[in-house]
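Notes for the one structure printed next.
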Amino acid sequence: MRIKVILEPSEEGDYTVVVPSLPGCISEGNNKEEALKNSKEAIELYLEPVDDDEIFPANSEIIELAV
């Protein structure tokens, strides 16, 4: 999977990474490499399913859509 991120340098020399397609998915690092590494981990955690995702009413259907 390929996801576009925005790498923003700060005045202090650090970097912030924002993932526009994943609201609230933001990471930081002391340099570009660290910021991108941290953002990859943040994306993986953001996309990781949690037990709450699997709770549906009894009459519900789970359908996969290709987009």
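The values are calculated or read from the model by the stated rules, or taken from the named source; none is laboratory data. Computed from a predicted structure; not experimentally measured. Neighbour counts run over all protein chains shown; Cβ positions are idealised from the backbone, glycine included. Ligands, DNA and RNA are stripped out before the accessible areas are found, and what is left, the full protein with its side chains, is counted by its heavy atoms. Shrake-Rupley method; radii C 1.70, N 1.55, O 1.52, S 1.80 Å.
From the set of residues in region 19-38 that are open to solvent by 40 Å² or more (accessible area, probe 1.4 Å) and of a type in the set (A, V, I, L, M, F, W, C), which is nearest to V67 (Cα to Cα)? Once the filter is applied, the top-ranked residue is I26.
For I63, the criteria (1) open to solvent by 100 Å² or more (accessible area, probe 1.4 Å); (2) within 12 Å of the chain's Cα centre (by Cα); (3) among the aliphatic types (A, V, I, L, M) hold in every case but one, which is (2).
If I ask for residues that are touching a residue at least 12 places away in the same chain (Cβ under 8 Å) and β-branched (V, I, T), which ones from region 42-67 would you list? Matches in region 42-67: I43 only. Taking the conditions exactly as written (of a type in the set (S, T, Y) and at pLDDT below 90), does S10 satisfy them or not? So S10 does not fit the description; no. Contact map, region 18-41: residues that are among the β-branched types (V, I, T) paired with residues that are loosely packed, with under 12 Cβ neighbours inside 10 Å and assigned to a strand (DSSP E or B), Cβ distance under 6 Å, separation 6+ or inter-chain. Pairs shown: V18/I6.
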